[in-house]
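Novice: Once you've had a glance at the structure underneath, I'll fire off some questions.
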Amino acid sequence: MDRRAFIKLSALTGSAATLAGCGSPENHVIRFVPDDEIVPGIAQWKPGICPLCQAGCGLQVRVMDADAEVVRNGQRGMMKVAAAKKLEGAASNPINRGGLCPRGQAAIQITYHPDRITHPLKRSGPRGSGAFREVSWEEALAELAGRLDALAGAGAPTLAILTRPRRNLRQTLVATFLERFGAPSPLTYELFGDDVLRRANAISFGREQMPTFDLTRSNYVIGFGADFLGTWNSPVSQSAGYGAMRSGRPGARGRFVQVEARMSQTGASADEWIPVRPGTEGVLALGLAHVIINEQHRPPEAAGTAGALIEGFAGGLADYAPDEVAQRTGVAAARIARLARDFVERRPSVAIIGGAPLAPTNGLFHALAVNALNALAGSVGQPGGLFFMPQAGAPPAGRGGLDQAAAGLLSSADPPIQLLLIDEANPVFTAPAAWKVREALEKVPYIASFACFLDETSVLADLILPDHSFLESWVDARPESGALVAVAAAAPPAMRPLHSTRAMPDVLLDLSRRLQTPFDPPLPETFDAMLSESFASLPESEAGDAWTVAQTDGAWSGDLPQADPAARPAREPVRFVEAQFDGDAAQYPFHFLPYPSQAFLDGSTAHLPWLQELPDPLTSAMWSTWVEIGSEAAARLSIREGDMVEITSSQGSVRAPAIVSPGLAPDVVAMPVGQGHETFTRYASGRGSNPIAILAPMREPDTGALAWAGTRVRVARAGAPEGRLILFAGQMRDIEARER
Ligand code: SF4
């Protein structure tokens, strides 16, 4: 008997046994014949790409036989499948070099999540009620194609696609689809985006790109707010470099200083943690530059254009003498002078800015100041310093302005967006309530979503075309940062789809062929054909052509010539201007710092139970939200650990249990982002509170980005502990505030 016949026979006997055992047909479990030849007990390793942030870490997916509940031809049943069982970091990928962060490890739970959307759904109740009925793919696609035809016939560019910013071919396809349809480029939104730093790098260095840090060869690092070991930019790559800097060179341990208003996971690893007044980080950077110039360690012209952009730089930054800087920042003058000397004497050194310092209204100034400091020290493009990764083809940038799009919808009787497609974005949760995104979406006549899960945004859709999981699809990434060589990643599906889902890129291509007026020229037949084409211009290596290498290893990498810097627009030199904070300081005495949590980032991974039960690295809290408040402020307000507190801004209030923390600058309260979902699977819904909701709609004026660190709040004790704070360790870890 051959193997396939044996499996069929076992399937039949399995069904018969079930019937006999249960005695009722409704308990009968259908067993399908496996799609593939599966060798029991033998693991295969397949390439993949982590989809959970823009870092684009490479995966090795362990695939083995397993019994799984699947949908085949519209029918649900059990089948022996080749199933992904474990994710590891791809050792050959120069971004993550074999590592993965906890989110990457937990990503496997997306595929097997019990609340995945398994069929196309059509709204069957009031919008937002969550009432949907299953429809066939044919019905769903015919309906959406008909809507698109109606829009094209009206000749109005009122189609929009809302995504998070992505660096992959999927984004290129979305942009191409819109362009051929005659619609505006994709609308993109990300709460913790890095547009301010990209803009600063364009101004200072002619590169609108996130930087890469050569930490492996650094001797001295100053971080300005960047949680670069936890959540910011390319944390796995940066953690590998940091590990090598600290202990990879016998006898040469690099020193690390972190400056920030709230101690992050990265700050907890520092030799020296320095609390700073929010909105003054760039002043401190220029205080260091003042000492470096005036003690003649480096001449001001060493900073080149990046220095010339700062008012007074050529004259030695007279306004940034340590005593003056100490007044503004809260960091002692003697300490500023010592940091400055260390920064130049211990070279190669590098300064890293990211996160909260970029998110008040004056965030661009801070980034330009840190860029000038790096340039002054000779750290740009030098070993141990800051680089810009050569790019193996960058996808077209989207357009921001979600707040303006929402305002346009709310103010217009004839909505400027008639049909909205939403892909990998949940702005109803991640945008401030003041933007009224939910109310604006309710005015869009027709919304289709490619969501895998019902969340606060997809629940508003009229039609849901559920995407495959990333393990069931072709995936790709063109990382912007994290390696000194160019990287182009692509991987075929690691396993067959479990449910009646379809890959979003293939759905978009299918739709393009269904339109009454076909695109000219047409889009590629399949997404993998488009991917293959995108690798054609990359050089061959000894292992073969780039496309073959990518499919085998999950990524091609190599040296590519660095594009020339872009022309820098002429600008007047910048000077420090105090940040504008929403809320009067007398009424709202605290700065409010929401921050991306290690487990959930902006809340997009809160549906994964492994991440819910992951203890926060500083507080050990899990399955909950909390408010961090400084010891002195807590004593002043009679707040004790675990007490319920109410945080109130001009926009509203949230309640959460308090954690009394020594790791905060004076008059700062902080909350992790990620919990507080109303609709996001059984694991995240109705758990904790969402600090984004009370953010004021402040903006960084140059980029229009949300100034998410620009809100003031007041804090009040709201009651005794209610048991909502769950600590893994039972009590808060003692964090020693060093050298205050
Ligand atoms: S940093 Fe973490 S979440 Fe981001 S791609 Fe890498 S493994 Fe995934």
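The values are calculated or read from the model by the stated rules, or taken from the named source; none is laboratory data. No experiment lies behind these values; they were computed from the predicted model shown. With ideal geometry, Cβ positions are generated from the backbone for all residues, glycine too; neighbour counts draw on all protein chains shown.
Novice: Could you list, in sequence order, the residues of segment 225-257 that are assigned to a helix (DSSP H, G or I) and in contact (Cβ under 8 Å) with a residue 24 or more places away in the chain? Walk me through it before giving the result.
Specialist: Taking segment 225-257 and keeping what is assigned to a helix (DSSP H, G or I), we get 235-247.
Of everything in segment 225-257, those that are assigned to a helix (DSSP H, G or I) and in contact (Cβ under 8 Å) with a residue 24 or more places away in the chain turn out to be Pro235, Val236, Ser237, Gln238, Ser239, Ala240, Gly241, Tyr242, Ala244, Met245.
Novice: Right, here's the next one. Could you check how many residues of segment 270-309 are free of Cβ contacts under 8 Å to residues at least 40 places away in the same chain and in contact with a strand residue (DSSP E or B) (Cβ under 8 Å, 6 or more places away or on another chain)? Show your work before the answer.
Specialist: Taking segment 270-309 as the starting set, the residues that turn out to be free of Cβ contacts under 8 Å to residues at least 40 places away in the same chain are 271, 294, 296, 299, 301.
From the residues that got through so far, the ones that are in contact with a strand residue (DSSP E or B) (Cβ under 8 Å, 6 or more places away or on another chain) too are 271.
Matching residues across segment 270-309 total 1.
Residue-by-condition table, conditions (1) modelled with pLDDT under 95; (2) closer than 20 Å to Pro102 by Cβ:
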site: Thr216; (1), (2): no, no
site: Tyr220; (1), (2): no, no
site: Asp227; (1), (2): no, yes
site: Thr231; (1), (2): no, yes
site: Gln238; (1), (2): no, yes
site: Pro250; (1), (2): yes, no
site: Gly254; (1), (2): no, no
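Residue-by-condition table, conditions (1) buried (at least 24 other Cβ atoms within 10 Å of the Cβ); (2) of a type in the set (Gly, Ala, Ser); (3) within 28 Å of the chain's Cα centre (by Cα):
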residue	(1), (2), (3)
Met263	no, no, yes
Gly282	yes, yes, yes
His297	no, no, no
Thr305	no, no, no
Ile310	yes, no, no
Ala314	no, yes, no
Glu324	no, no, no
Arg328	no, no, no
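Novice: Also, quick follow-up: Test Gly363 against the stated conditions and say whether it is crowded, with 21+ Cβ neighbours inside 10 Å and either over 30 Å from Asn168 (Cβ atoms) or modelled with pLDDT of 95 or more (or both). First the steps, then the outcome.
Specialist: Values: crowded, with 21+ Cβ neighbours inside 10 Å: yes; either over 30 Å from Asn168 (Cβ atoms) or modelled with pLDDT of 95 or more (or both): yes.
Yes, satisfied.
Novice: Another one. Check whether at least one residue in segment 389-401 is over 30 Å from Asp214 (Cα atoms), at pLDDT 95 or above and buried (at least 22 other Cβ atoms within 10 Å of the Cβ), and report yes or no. Spell out how you get there, then give the answer.
Specialist: Here is the first cut: in segment 389-401, the ones over 30 Å from Asp214 (Cα atoms) are 399-401.
Pick out the ones that are also at pLDDT 95 or above and you get none.
No: zero hits.
Novice: Cβ-Cβ distance below 6 Å, separation of 6 or more or different chains: which pairs start in segment 608-637 with a residue that is without any contact (Cβ under 8 Å) to a residue 60 or more places away in the chain and end on one that is aliphatic (A, V, I, L, M)?
Specialist: That search, which allows pairs on different chains as well, returns Glu613/Met622; Gly630/Leu664; Ser631/Val660; Ala634/Val660.
Novice: For Ile447, work out the one condition from (1) surrounded by fewer than 24 Cβ atoms within 10 Å (Cβ to Cβ); (2) assigned to a loop (DSSP other than H, G, I, E, B); (3) not acidic (Asp, Glu) it doesn't fulfil.
Specialist: Only one criterion in (1) surrounded by fewer than 24 Cβ atoms within 10 Å (Cβ to Cβ); (2) assigned to a loop (DSSP other than H, G, I, E, B); (3) not acidic (Asp, Glu) is unmet by Ile447, namely (2).
Novice: Tell me, which residue of segment 94-112 that is polar (S, T, N, Q) and either within 10 Å of the ligand (Cβ to nearest atom) or free of Cβ contacts under 8 Å to residues at least 60 places away in the same chain (or both) is nearest to Ala240 (Cα to Cα)?
Specialist: Taking segment 94-112 first, the residues polar (S, T, N, Q) are 96, 105, 109, 111.
Imposing the further condition that a residue be either within 10 Å of the ligand (Cβ to nearest atom) or free of Cβ contacts under 8 Å to residues at least 60 places away in the same chain (or both) reduces the set to 96, 105.
On the way: Asn96: 8, Gln105: 16 Å.
Step by step, filter segment 94-112, then rank; the result is Asn96.
Novice: Say we look at segment 193-224 and pick out the residues that are of a type in the set (Gly, Ala, Ser) and in a loop (DSSP other than H, G, I, E, B); which of these is nearest to Gly267 (Cα to Cα)?
Specialist: Quick first cut of segment 193-224, residues of a type in the set (Gly, Ala, Ser) only: 193, 200, 202, 204, 206, 218, 223.
Within this subset, residues satisfying the condition of being in a loop (DSSP other than H, G, I, E, B) are 193, 206, 218.
Values: Gly193: 21, Gly206: 30, Ser218: 17 Å.
Per the stated criteria, the residue is Ser218.
Novice: Among the residues of segment 61-75, how many are in contact (Cβ under 8 Å) with a residue 40 or more places away in the chain and either in contact with a His (Cβ under 8 Å, 6 or more places away or on another chain) or closer than 9 Å to Lys86 by Cα (or both)? Explain how you work it out, then say what you get.
Specialist: At the first step, the residues of segment 61-75 found to be in contact (Cβ under 8 Å) with a residue 40 or more places away in the chain are 61, 63, 68-72, 74-75.
Checking which are either in contact with a His (Cβ under 8 Å, 6 or more places away or on another chain) or closer than 9 Å to Lys86 by Cα (or both) leaves us with 61, 63, 70-71.
Number of matching residues: 4.
Novice: Would you say Ser247 is within 16 Å of the ligand (Cβ to nearest atom) and of a type outside the set (A, V, I, L, M)? Explain how you work it out, then say what you get.
Specialist: On the way: within 16 Å of the ligand (Cβ to nearest atom): no; of a type outside the set (A, V, I, L, M): yes.
Against the criterion (within 16 Å of the ligand (Cβ to nearest atom) and of a type outside the set (A, V, I, L, M)), Ser247 does not qualify.
Novice: Give me the pairs: first residue in segment 157-181 and surrounded by fewer than 20 Cβ atoms within 10 Å (Cβ to Cβ), second residue at pLDDT 95 or above and part of a strand (DSSP E or B), beta-carbon distance under 8 Å, and six or more apart or on different chains, which are they?
Specialist: What qualifies is Thr158/Leu419; Pro165/Thr188; Phe181/Leu159.
Novice: From (1) under 22 Å from Arg347 (Cβ atoms); (2) buried (at least 22 other Cβ atoms within 10 Å of the Cβ), pick out the condition that doesn't hold for Glu272.
Specialist: (2)
Novice: Against the definition (assigned to a loop (DSSP other than H, G, I, E, B) and without any contact (Cβ under 8 Å) to a residue 60 or more places away in the chain), how does Pro518 come out, yes or no? If you could, list the steps in order and put the result at the bottom.
Specialist: Numbers: assigned to a loop (DSSP other than H, G, I, E, B): yes; without any contact (Cβ under 8 Å) to a residue 60 or more places away in the chain: yes.
When the stated conditions are applied, Pro518 passes them.
Novice: Do we find a residue being more than 22 Å from the chain's Cα centre (by Cα), part of a loop (DSSP other than H, G, I, E, B) and closer than 24 Å to Arg277 by Cα anywhere in segment 621-636?
Specialist: no
Novice: When segment 508-542 is examined, which residues are found to be closer than 17 Å to Ala183 by Cβ and surrounded by 18 or more Cβ atoms within 10 Å (Cβ to Cβ)?
Specialist: If the condition is that a residue be closer than 17 Å to Ala183 by Cβ and surrounded by 18 or more Cβ atoms within 10 Å (Cβ to Cβ), then Leu508, Leu509, Leu511, Ser512, Leu523 are the ones that fit.
Novice: Can we say Leu59 is within 12 Å of the ligand (Cβ to nearest atom) and either within 21 Å of Arg502 (Cβ to Cβ) or in contact with a helix residue (DSSP H, G or I) (Cβ under 8 Å, 6 or more places away or on another chain) (or both)? Before you say what the answer is, go through the steps one by one.
Specialist: Details: within 12 Å of the ligand (Cβ to nearest atom): yes; either within 21 Å of Arg502 (Cβ to Cβ) or in contact with a helix residue (DSSP H, G or I) (Cβ under 8 Å, 6 or more places away or on another chain) (or both): yes.
Yes: the conditions hold for Leu59.
Novice: Being outside any strand (DSSP E or B) and among the hydrophobic types (A, V, I, L, M, F, W, C): is that true of Ala160 here? I'd like the intermediate steps shown before the answer.
Specialist: On the way: outside any strand (DSSP E or B): no; among the hydrophobic types (A, V, I, L, M, F, W, C): yes.
Spelling it out, it is not the case that Ala160 is outside any strand (DSSP E or B) and among the hydrophobic types (A, V, I, L, M, F, W, C).
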